[in-house]
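Here the structure is laid out as structure tokens; the discussion comes afterwards.
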Amino acid sequence: MAMQNNQSEIKQYQQEKEERFQQSLFKDQIQNIDSPIQEISNNPDFVKVIIICTFTNETIATKEKIICSENDALSIEKDDVYEQQDLSDCVKKEIVIYIERTFIECSKLLKSNYIEKLDVIKLPICSANGIRIPNEYDIKQFFKLSKIKNNNEEFTKQIHTMDTKHLYGLLISSLVFQDAQIEEALFELFFQNINLENAIKLLLISVQYESKKQHYFYKLIKHLYYFSKGLLKETYDNQLEKIVQNGMKPKQLQIEKPNFIKLITQLHIFKINSTILYPLFKQSESFLFQYYKPVREKKSFTVYRNLDCPEGREQSDFPHLYYLKNRENQTVLVAVQYEMQGDILIFQEYQEKFIKYNDNYLGLIEFKNQGREFIVYDDGYPEYMENNFPQWIGRKKRRMLVFDYFSEKRYDKPRLFDVKCFNVNTNQQDEIITKEPHYDESKGSFTLQLGEIALIPSTRNFILQKKGENNVEQQVYLCHGKQNRHTFHLELHEGISVFQGFCISVVSICSKGSCE
């Protein structure tokens with residue numbers, strides 16, 4: 001009987017303890033959240049902010065635990081950036097906070113989204129399932145730190161005491177509320193000890209929330225793939241170098257299906273749908289298009305060769321550098337050759353160190369058949385490596401020119417050649433050929449009507465025209481003429497690109513046996 005009474009008392013005690021615990025939780029919630037919100041909502045010094053997050057249907061990123069044995073179950077892991085949303089009920093989520101009204105005057109974004117009639121700020125953002133959205137705590141921290149951001153010492157001290165999860169939340173909030181000062185400070189902090197996993201997370205955040213840094217992170221991940229596959233031989237960027245030094249392994253970056261980036265760490269597998277990178281890929285291609293697309297009107301350039309060697313010894317003293325300059329004497333393209341019949345690399349500008357596949361690399365000229373044939377490629381990766389790269393992380397290389405000499409070397413007449421010229425507008429090969437020079441018996445030499453394009457006689461003076469009957473006037477693509485020993489005039493006509501014209505000029509200048 002006593003034992004039953006004891007058990008009854010214990011049960012009653014446990015029940016009361018549980019009730020007190022639940023009540024304390026409820027009281028804490030009322031005390032810490034509901035009461036302040038109720039008080040703030042009635043405070044005229046505060047304004048309501050509603051952040052409306054609209055999600056896309058497609059899952060962009062996932063994080064899974066690596067299965068070590070058959071008994072381990074596949075599980076979706078919680079993370080400081082990767083976040084799965086339950087979108088079964090709706091595709092929108094709202095975050096409601098109250099901020100001091102004075103912030104409105106300090107922010108163009110808040111001012112433009114303030115609805116005076118309702119006395120509320122409505123801020124719509126596009127979200128992707130798999131990428132974290134800011135929570136109430138993140139946003140409150142953001143506005144708290146906004147007050148001290150101009151006090152560099154205090155602000156720096158505060159962000160250095162935050163853990164990684166809250167730093168990511170603060171970064172996302174700074175992008176949502178478009179505060180470039182806080183954003184820059186946080187990126188600088190992340191860059192101090194960046195690794196591959198953080199780089200991927202910063203890519204996701206910067207792309208999803210449209211940071212100006214998204215272009216940089218896109219190129220960074222692209223070149224990390226190039227480096228891990230052995231194409232990029234050297235690290236040319238500080239952050240790229242840090243990631244490699246911080247333990248990046250060659251097999252960490254993989255591909256799953258054509259369009260999934262797969263990152264493998266010791267404990268987890270991260271999968272990122274690369275379709276999120278498509279707009280950045282298109283922007284990158286649009287920028288390069290200025291070099292690869294055919295010109296629409298006649299353009300004149302000068303090609304300089306920086307050789308300082310005796311006449312007749314032009315195949316020595318490597319490396320050879322070639323510069324394409326416009327009429328304003330601005331450098332448009334640079335080519336470098338390190339050895340005889342070695343690949344000639346093309347870059348957007350001069351660099352202290354020319355590194356193939358770096359950010360300025362545009363393509364190469366490849367020697368074939370002992371210098372009788374040349375193939376020009378753009379900046380893409382080799383075709384045989386296509387399955388090693390996810391979609392929208394670069395692309396396979398294209399043959400921009402196939403350059404074939406079909407006449408023997410002569411010292412009184414330019415070597416004749418034809419060119420298959422890839423047109424990026426039509427995705428077709430245009431066939432062009434050197435115009436046959438006319439033999440002038442009175443002068444005892446071959447001549448071409450080049451006017452001021454060629455100032456001195458040379459086997460490097462030529463006209464490229466559409467392939468057809470030589471005695472019929474054909475569309476002209478390019479005119480090339482020697483000005484002095486190391487300077488050449490290049491005139492491009494409709495149908496050929498700046499990149500292609502420069503490569504043809506460089507090939508004609510460097511081809512062994514083509515001399516005056």
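The values are calculated or read from the model by the stated rules, or taken from the named source; none is laboratory data. All values derive from a computational prediction rather than experimental measurement. Glycine also receives a Cβ, built like all others from the backbone with ideal geometry; neighbour counts cover every protein chain displayed. The accessibility values were calculated without ligands, DNA or RNA, using every heavy atom of the protein model including side chains. Shrake-Rupley method; radii C 1.70, N 1.55, O 1.52, S 1.80 Å.
Share of the stretch 161-222's accessible area from carbon and sulfur, percent, 1.4 Å? Could the numbers behind the result be given before it?
Numbers: 980 of 2280 Å².
Using a 1.4 Å probe with all protein chains present, the stretch 161-222 comes out at 43 percent carbon and sulfur.
Using protein chains only and a probe of 1.4 angstrom, how many square angstrom of His438 are accessible, to the nearest 10?
Around 120 Å² of this residue is reachable by solvent.
In the structure shown, do any of Lys219/Lys353; Lys149/Lys356; Lys48/Lys271; Lys93/Lys165; Lys65/Lys157; Lys92/Lys249 have a Cα-Cα gap over 30 Å, and if so which? Please report the intermediate quantities before stating the final value.
Values: Lys219/Lys353 19 Å; Lys149/Lys356 41 Å; Lys48/Lys271 37 Å; Lys93/Lys165 21 Å; Lys65/Lys157 34 Å; Lys92/Lys249 39 Å.
Pairs exceeding 30 Å: Lys149/Lys356; Lys48/Lys271; Lys65/Lys157; Lys92/Lys249.
Please give the peptides 201-207, 382-388 ranked by average Cβ packing (other Cβ atoms within 10 Å per residue), highest first, as a rough proxy for protection.
Values: 201-207: 23.4, 382-388: 12.3.
Ranking, from highest mean packing down: 201-207, 382-388.
Taking a probe of 1.4 angstrom, what is the accessible area of Glu297 in Å², to the nearest 10?
The accessible area of Glu297 comes to roughly 120 Å².
Sorted by packing (mean other beta-carbon atoms within 10 Å per residue), highest first, where do 155-161, 209-215 land?
Numbers: 155-161: 13.6, 209-215: 18.1.
Answer by packing, highest mean first, reads 209-215, 155-161.
Pull out a ≥ b ≥ c, the square roots of the eigenvalues of the alpha-carbon gyration tensor of the stretch 143-187, then state rounded if a/c is under 1.5, prolate if not and a/b is larger than b/c, and oblate in the remaining case. All intermediate terms of the calculation are to be shown ahead of the outcome.
Details: a/c = 1.74, a/b = 1.11, b/c = 1.57.
The shape class here is oblate.
Sort His480, His486 by accessible area with a 1.4 Å probe, largest first.
Values: His480 0, His486 35 Å².
So the residues, ranked largest to smallest area, are His486, His480.
Tell me, what is the FRET efficiency for Gln192 and Glu328 to the nearest 0.05, using R0 = 35 angstrom and their Cβ-Cβ distance as r?
On the way: r = 41 Å, r/R0 = 1.17.
After rounding, the FRET efficiency stands at 0.30.
So what is the accessible area of the stretch 204-300 per residue, in Å², with the probe set to 1.4 Å?
Accessible area per residue, the stretch 204-300: 51 Å².
Using a 1.4 Å probe, how large is the accessible area of Cys106, given in Å² and rounded to the nearest 10?
So the heavy atoms of Cys106 present about 110 Å² to solvent.
Counting only other residues whose beta carbon sits under 15 Å from that of Glu366, what net charge do I get with K and R as +1, D and E as -1? Let's see the in-between values first.
On the way: positive: Lys356, Lys368, Arg372, Lys397, Arg398, Arg399, Lys420; negative: Glu339, Asp343, Glu373, Asp378, Asp379, Glu383, Asp404.
Once all neighbours under 15 Å are counted, the net charge is 0.
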